[in-house]
Amino acid sequence: MRSNEKMSRLLAELPAEELTDRDVPPMFHEVAAEGWSYTPNGARVLSGPVPEFTSSYFDVLQEETSINGRGMIDHDLPPAESERTGPLLRRCLAYAFSCLVEAERKFGDREVRSYVILSMGGVDDDLLTATVTFCTHDPNVDPYIRDVEGVQDAAVAELTLDDREGWY
């Protein structure tokens, strides 16, 4: 796992309990269960959120991140960051690993990566929010996040299926 200092601190504070499917919100569980597919451009995308009408994308990376990225459900969590961080991070990690398992089943490799990002958001940028995005890495294209370790304004982790060990 690659992560920046903020995410490393959050992960160190996260209880060492195992993640389970119960940590994935139901609508996200459905997305993971629907599996993966290829677009005509060769992008690896979650099958559930593929738009009905295709858009024009600059490259496969933009297509993958546009289709595979979403904000994590958090409306049921308390607004206090101290009570919100752990459950929000657990949801993101469980969802990410669930989708990465399905990606390996579909594609027969571990090329899909997940980016978990926790940052301040909301109307007044005073509420901790999170996103999870999936994409592959093409050595001929800049990565989704060029310098994960150097990100300063958010907690960021780049996960592969290999990082699942120890969580499940």
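The values are calculated or read from the model by the stated rules, or taken from the named source; none is laboratory data. Predicted model only: the values in this text are computed from it and were never measured. Quick reminder, even Gly has a Cβ in these numbers, built from the backbone with ideal geometry, and neighbours come from all protein chains shown. With ligands, DNA and RNA removed, areas are computed over all heavy atoms of the protein, side chains included. Shrake-Rupley method; radii C 1.70, N 1.55, O 1.52, S 1.80 Å.
Details
- Sub-9 Å Cβ pairs linking a first residue in region 102-114 that is farther than 19 Å from Arg91 by Cβ and free of Cβ contacts under 8 Å to residues at least 60 places away in the same chain to a second residue that is among the hydrophobic types (A, V, I, L, M, F, W, C) and surrounded by 15 or more Cβ atoms within 10 Å (Cβ to Cβ), at least 6 apart or interchain, are Glu104/Val112; Glu104/Leu161; Asp109/Ala103; Arg110/Leu100; Arg110/Ala103; Arg110/Leu161, ordered by first then second residue.
- Leading residue by the ranking (nearest to the chain's Cα centre (by Cα)) among those in region 24-76 that are acidic (Asp, Glu) and in a helix (DSSP H, G or I): Glu64
- Any hit, region 102-119, residues being over 20 Å from Arg164 (Cα atoms) and either open to solvent by 20 Å² or more (accessible area, probe 1.4 Å) or of a type outside the set (Val, Ile, Thr) (or both): yes
Residue by residue, here is whether (1) of a type outside the set (Ser, Thr, Tyr); (2) closer than 10 Å to Cys135 by Cβ; (3) without any contact (Cβ under 8 Å) to a residue 12 or more places away in the chain; (4) open to solvent by 60 Å² or more (accessible area, probe 1.4 Å) holds:
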residue	(1), (2), (3), (4)
Gly48	yes, no, no, no
Ser56	no, no, yes, yes
Leu61	yes, yes, no, no
Thr65	no, yes, no, no
Gly71	yes, no, no, no
